[in-house]
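The structure under discussion is supplied below as structure tokens; questions concerning it will follow.
The values are calculated or read from the model by the stated rules, or taken from the named source; none is laboratory data. What you see is a predicted model; the values in this text were computed from it and never measured. Every residue, glycine among them, receives a Cβ derived from its backbone with ideal geometry; neighbour counts consider all protein chains shown. SASA here: full protein model, heavy atoms, side chains in, ligands and nucleic acids out. Shrake-Rupley method; radii C 1.70, N 1.55, O 1.52, S 1.80 Å.
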Amino acid sequence: MKKITPPKTEEELLVRAWNIAGLSLGELASQLELPTPQNLLRNKGWIGETLEKALGATASSKPEPDFQLIGVELKTIPIRKNRQPKETTHVCTVPIINTTGMLWENSLVKEKLNRVLWIPIEFDENITLENRKIGAPLLWSPSPSEEAMLKTDWEEFMELIGQGELEQITAHLGEVIQIRPKGANSHALSETIGKNGEVVRSLPRGFYLRTSFTATLINQHYL
DNA sequence: ACCTGATCATCT
DNA sequence: AGATGATCAGGT
């Protein structure tokens, strides 16, 4: 597989993204000399990792932006024929301990979503993984109103967590963000603060963008 | 355990 | 069919 250098500018990244738009995942993998799995059952991150390689992202396992030189995060998003995302988008782990004094302005959610290259990936139950096509890229930053919605949700969540109400948070809460489990499995535990201020163990959680939010931001661009 | 990449499996 | 809670893989 050929080594692809990190893009030095957003323009360079966008040119690369447009160059692979329209290709199928199988074609892209073939260009990279990588095998395409039959399905994603045992390799759920395959699409994202393959696109990272194609665009010159630095190693996917590091806790830094995918395109470190230019501060851009890559998100692939599965899109159905009706232009609705099939899945929510994971943002980051939810801080559930030592959260007092945390502000939206310094939050990981804000930092992560500051600059995102969205790449839609065709999704249809009847199309095999190798035949799913790569869509047109969208380089995005939250608009003032989008950021306001994100901030409102984030502050509501962090207030509940600060009050020891983590266990009361379900995926139903939040207009544009939701909190759901995000761990190795349902037995994974991390520390949080209970109702009486004591340290207790709980499921690790993640922040996810609702599909209604990502659908709007993607489709606004392509209208 | 927690970060990266997300989708799967099940229920409504 | 959409949404929620559970899960897979690999690096740090």
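With a cut-off of at most 11 other beta carbons within 10 Å, and DSSP calling the residue loop, which GluC sites (Glu not before Pro) in region A:106-161 qualify? Please list them. Spell out each step's value before the answer.
Numbers: sites: A:GLU111, A:GLU122, A:GLU125, A:GLU130, A:GLU146, A:GLU147, A:GLU155, A:GLU156, A:GLU159; in loops: A:GLU125.
Those that pass, being in a loop and sparsely packed, are A:GLU125.
What distance in nm lies between label points placed 7 Å from Cα along the C-beta direction at A:LEU69 and A:THR152?
It works out to 4.0 nm between the two label points.
Given +1 on the Cβ of Lys and Arg, -1 on the Cβ of Asp and Glu, and no further charges, what dipole in debye does chain A carry about its Cα centre, rounded to the nearest 20? Intermediate results must be reported in sequence, preceding the final value.
Numbers: 25 positive and 28 negative charges, 127 e Å.
Roughly 620 debye for chain A.
If you don't mind, another one. From a point 7 Å beyond the Cα of A:ASN196 in the direction of its Cβ, which residues of region A:149-175 have a backbone N at a distance under 16 Å?
A:164-165
Listed here are the pairs A:LYS62/A:LYS151; A:LYS3/A:LYS110; A:LYS3/A:LYS75; A:LYS3/A:LYS151; A:LYS8/A:LYS86; A:LYS53/A:LYS151; which of them are more than 29 Å apart at the Cα?
Working: A:LYS62/A:LYS151 26 Å; A:LYS3/A:LYS110 31 Å; A:LYS3/A:LYS75 21 Å; A:LYS3/A:LYS151 39 Å; A:LYS8/A:LYS86 32 Å; A:LYS53/A:LYS151 32 Å.
Those over the limit are A:LYS3/A:LYS110; A:LYS3/A:LYS151; A:LYS8/A:LYS86; A:LYS53/A:LYS151.
Sorted by accessible area with a 1.4 angstrom probe, largest first, how do A:THR88, A:THR5 fall? The partial results should precede the final answer.
On the way: A:THR88 40, A:THR5 80 Å².
Result of the area sort, largest leading: A:THR5, A:THR88.
Another one. Mean projection of the alpha-carbon convex hull of chain A over all orientations, in nm²? Mind dumping the intermediate values first?
Details: hull surface 51.7 nm².
Directional mean of the projected Cα hull area for chain A stands at 12.9 nm².
State the extension gain, in nm to one decimal, for the chain segment bounded by A:GLU105 and A:GLN168, taking 0.36 nm per residue of separation less the distance between their alpha-carbons.
Details: separation 63, 0.36 × 63 = 22.68 nm, distance 2.51 nm.
Stretched out fully, the A:GLU105 to A:GLN168 stretch lengthens by 20.2 nm.
Still on this model: By what distance, in whole Å, do the Cα atoms of region A:99-199 stretch along each of the three principal axes, largest value first?
Cα spread of region A:99-199 along its principal axes, largest to smallest: 53, 37, 20 Å.
Among all helices in chain A defined by DSSP H, which have a length of 20 Å or more along the axis from Cα atoms plus a Kyte-Doolittle mean of at least -0.5?
On the way: long enough: A:144-162 (26 Å, -0.46).
Span-like helices here: A:144-162.
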